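Novice: One structure, as structure tokens, below. Some questions next.
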Amino acid sequence: MSNQPGEPIIRVRGLVNRFGPETVHEHLDLDVMRGEVLGIVGGSGSGKSVLLRTIVGLNRPVAGEVEVFGSDVLAISDVQRRELEKRWGVLFQDGALFSSLTVAQNIEVPIKEHFNLPLRLMDELSAIKVGLVGLPKDAGEKYPAQLSGGMRKRAGLARALALDPEVVFLDEPTSGLDPIAAGAFDELIRDLKASLGLTVFMVSHDLDSLFAICDRVAVLVDKKVRVGTLEQLLKDNHPWIHSYFHGPRGRAAQNSKAAAATKEKYGAWLPV
Amino acid sequence: MASVAATFVESEEPGSFVFAAAGQWLVTTAAELDRRLRAIHIPRDKKITLDLAGIERLDTAGAWLLLRTEHELAAQGNIVEFRNLRANFAPLFDQVRVGGMVVPARHPRPAHHTLAGFLERIGRISLGLVTRAFSLLSFFGVICVTVGRVLFHPRRVRATPLVAQMEQTGVNAVPIVGLLSFLIGIVLAYQGADQLRRFGAEIYTVNLLGVGILRELGVLMAAIIIAGRSGSAFTAQIGTMRVNEEIDAMRTIGLDPVEVLVIPRLFGLMLTLPMLTLCANLLGILGGAVMAWVTLGITPQQFTQQLQSALYPWTFWLGLIKAPFFAFIIALIGCYEGFQVARSAESVGRQTTLSVVEAIFLVIVADAAFSIVFSYLKI
């Protein structure tokens, strides 16, 4: 993959989202650069998930433009859209796995839809994705109802990664996971980013994961975003941003980042 | 995306076979590469080099094809090595090497294509039926106990949900039950008149209509419509509550789900189905009367006279008495299947279908049982 950090692959300009009388986004601008992990934070109801859904085309904004890989998501034809869908993967909050299919079949759905591969090769590829996201070997044969929450998220990520996308959108990937599983998920994202050259757009409330893996963070306040590195945002004087990062939990997460070097030696979660 | 982009060239160097992979090894080209890689035949126990210098783009599918080839060649006793792997592909290669150790999942494929599988399936279905019957019986017991408890403490009957259920299952169902019964009356009168005219006994169409609708068709039509309309709704409502863990929440708060959810539905339906039956009877006979007037010229006066002479005093009650029993069956099955829902959306759909099929089945079985009992009682 051509890896040129700094080139924006998602451009949002002048986005307006309104639900009834409620304005969620008011002339919001956002760039996502190739190869970065961008965290999206904001209070409940500030429109984090709406932003994600708008970018992947699940929600039509009132105004504004959304460009992904240089093409206008709101104006492209269905054929162009299918091409675009091959280049991104989305992980929904609870995995959103198809409950009537096994994990392996779930992973094969996008492959089957877009490419005509022999069955055996598809089985092999889905097994690789199962291993890639750190699921146990027998997980591919199981149905989503037989998996724990953390495993469902991993399986959802495996399906999002099925076509080797350039961008993955993660909606609260660590919510509902225990701290160990959440930490392992962070490491997984970081490893996959390094090995697959992923760009990650991550809606998250988990301060630990923000500090652990995000290159930049976009904070949704006052219906707009403020983007910056964590260092920049820590100095931001906006009251919400200040209390977010300097509240008790924010400080704890900062401290734990300082201790991350020690944590590194427990990082080898992958079954090598 | 062009599939010409990936190539795979065999050549021979002194002491070694060389495979030079080049181009774009991606999921887009994987099908063609897979076919060609599976077709190669190498003598055993050789030194083989996989040269990756020409690879421009690589994804997990491409990396897997290379690693699988290495693995398969090595399994044949060859010494295999990679060369010229680009540094920026190395992490991907390592990831896939780790992931590739997972054995591909076996897909659940139907086993009943063999005789043994077929027999096994029959056995499983039979056993399943027996266990379901037992579990339904146990649910029946729970309901009886709860009903008994509620009857001793009538204040525990929740009036608001009871009335709400009666509105939903009763009042709102009047138009559909009425319309369909009216149409059934028309059809019955038309067919009956056609046959009876051959004997010059057209007037007995009225007897056919009266007895047929009052004793059987009115209550059966109402019950079948309600099984499809309300029984399914019971299953879907309770099932969705199970998916959302609402039932578990009730238990932790100290509410008895059977008392809160089943009793209002059960009592509501047992009260409304007799009324709907009355409505079905009336409109069915009205439909028949209209048809008799139009095609046979039987005036409404003649019709009522003939009807009065055709019916015993209890004919009407023999149909109506079945309604609460049918209502009990529909509510029992509807709620039971709702509680059987597992925690998935698919399960809600499956149990709802089952609920309708079972309720209609059991209603007709019960109707047959009533006929037998009535014939013993000579009424």
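The values are calculated or read from the model by the stated rules, or taken from the named source; none is laboratory data. Since the model is a prediction, treat every value here as computed from it, not as a measurement. Please note: Cβ atoms are built from the backbone with ideal geometry, for glycine as well, and neighbour counts cover all protein chains shown. These accessible areas exclude ligands, DNA and RNA; they are computed on the full protein's heavy atoms, side chains included. Shrake-Rupley method; radii C 1.70, N 1.55, O 1.52, S 1.80 Å.
Novice: Please go through the range B:54-76 and give me each residue that is among the aliphatic types (A, V, I, L, M) and either surrounded by fewer than 15 Cβ atoms within 10 Å (Cβ to Cβ) or farther than 17 Å from B:Leu92 by Cα (or both), ordered by number.
Specialist: Listed by number, the residues that qualify are B:Leu73, B:Ala74, B:Ala75.
Novice: Can you find even one residue in the range A:165-186 that is at the interface with chain B (Cβ under 7 Å from one of its Cβ atoms) and buried (at least 24 other Cβ atoms within 10 Å of the Cβ)?
Specialist: No.
Novice: Exactly one condition in (1) at pLDDT 85 or above; (2) in contact with a Lys or Arg (Cβ under 8 Å, 6 or more places away or on another chain) is not met by A:Leu51; state its number.
Specialist: Status for A:Leu51: all satisfied but (2).
Novice: Report, by residue number, each residue of the range B:217-275 that is open to solvent by less than 60 Å² (accessible area, probe 1.4 Å) and not in a helix (DSSP H, G or I).
Specialist: If the condition is that a residue be open to solvent by less than 60 Å² (accessible area, probe 1.4 Å) and not in a helix (DSSP H, G or I), then B:Asp256 is the only one that fits.
Novice: Taking the conditions exactly as written (over 20 Å from A:Tyr244 (Cα atoms) and either without any contact (Cβ under 8 Å) to a residue 40 or more places away in the chain or outside any helix (DSSP H, G or I) (or both)), does A:Leu192 satisfy them or not?
Specialist: no
Novice: Can I ask one more? Would you check if A:Leu30 is within 20 Å of the chain's Cα centre (by Cα) and surrounded by fewer than 21 Cβ atoms within 10 Å (Cβ to Cβ)?
Specialist: Answer is no for this residue.
Novice: Among the numbered criteria (1) open to solvent by less than 40 Å² (accessible area, probe 1.4 Å); (2) modelled with pLDDT under 90, which single criterion is violated by B:His153?
Specialist: Condition (1) is where B:His153 drops out.
Novice: Which condition from (1) open to solvent by less than 40 Å² (accessible area, probe 1.4 Å); (2) under 22 Å from A:Gly140 (Cα atoms); (3) within 17 Å of the chain's Cα centre (by Cα) is the one that A:Val41 breaks?
Specialist: (2)
Novice: Is it true that B:Glu72 is free of Cβ contacts under 8 Å to residues at least 12 places away in the same chain, assigned to a helix (DSSP H, G or I) and more than 9 Å from chain A (Cβ to nearest Cβ)?
Specialist: yes
Novice: So, A:Asp191, is that one open to solvent by 10 Å² or more (accessible area, probe 1.4 Å) and within 14 Å of another protein chain (Cβ to nearest Cβ) or not?
Specialist: When the stated conditions are applied, A:Asp191 passes them.
Novice: Now for a separate question. Any idea which residue in the range B:78-111 is most open to solvent (accessible area, probe 1.4 Å), counting only those that are away from chain A (no Cβ under 14 Å) and at pLDDT 80 or above?
Specialist: Across the range B:78-111, the extreme among qualifying residues is B:Ile79.
Novice: Another one. Checking A:Leu207 against (1) open to solvent by 10 Å² or more (accessible area, probe 1.4 Å); (2) more than 14 Å from chain B (Cβ to nearest Cβ); (3) in contact (Cβ under 8 Å) with a residue 60 or more places away in the chain, which single condition isn't satisfied?
Specialist: The single condition A:Leu207 does not satisfy is (3).
Novice: Let me ask something additional. Out of all the residues in the range A:54-96, which are touching a Lys or Arg at 6+ places or on another chain (Cβ under 6 Å) and at pLDDT below 85?
Specialist: A:Gly95
Novice: I'm checking my understanding of the structure. Among residues of the range B:15-28 that are within 14 Å of chain A (Cβ to nearest Cβ) and closer than 11 Å to B:Ile55 by Cβ, which one is surrounded by the most Cβ atoms within 10 Å (Cβ to Cβ)?
Specialist: Here the residue is B:Trp25.
Novice: Can you find even one residue in the range A:76-83 that is buried (at least 18 other Cβ atoms within 10 Å of the Cβ) and either under 16 Å from the mean Cα position of the chain (by Cα) or not β-branched (Val, Ile, Thr) (or both)?
Specialist: Within the range A:76-83, none of the residues are buried (at least 18 other Cβ atoms within 10 Å of the Cβ) and either under 16 Å from the mean Cα position of the chain (by Cα) or not β-branched (Val, Ile, Thr) (or both).
Novice: Shifting gears a bit: Just one of (1) open to solvent by 80 Å² or more (accessible area, probe 1.4 Å); (2) farther than 23 Å from A:Glu7 by Cα; (3) of a type outside the set (D, E, K, R) trips up A:Val221, so point out which.
Specialist: Answer for A:Val221: the failing condition is (1).
Novice: Just to confirm my filter: which helices (runs of 4 or more DSSP H) fall fully inside the range A:17-128 and include at least 1 residues that are away from chain B (no Cβ under 14 Å)?
Specialist: Answer list for the range A:17-128: A:48-55, A:78-85.
Novice: Working only within the range B:41-64, note down all residues that are touching a helix residue (DSSP H, G or I) at 6+ places or on another chain (Cβ under 6 Å) and hydroxyl-bearing (Ser, Thr, Tyr).
Specialist: Scanning the range B:41-64 gives a single hit, B:Thr60.
Novice: Where residues in the range A:129-139 are closer than 14 Å to B:Val96 by Cα, of a type in the set (A, V, I, L, M) and assigned to a helix (DSSP H, G or I), which of them is farthest from the chain's Cα centre (by Cα)?
Specialist: Going through the qualifying residues, I end up with A:Val130.
Novice: Give the residue, chosen from A:Val203, A:Val217, A:Val227, A:Val221, that is touching a His at 6+ places or on another chain (Cβ under 7 Å) and under 23 Å from A:Gly45 (Cβ atoms).
Specialist: From the options A:Val203, A:Val217, A:Val227, A:Val221, the qualifying one is A:Val221.
Novice: Taking the criterion of being more than 7 Å from every other protein chain (Cβ to nearest Cβ) and either assigned to a loop (DSSP other than H, G, I, E, B) or of a type in the set (Asp, Glu) (or both), would at least one residue in the range A:150-160 satisfy it?
Specialist: Within the range A:150-160 (the criterion being more than 7 Å from every other protein chain (Cβ to nearest Cβ) and either assigned to a loop (DSSP other than H, G, I, E, B) or of a type in the set (Asp, Glu) (or both)), the answer is no, since none of the residues qualifies.
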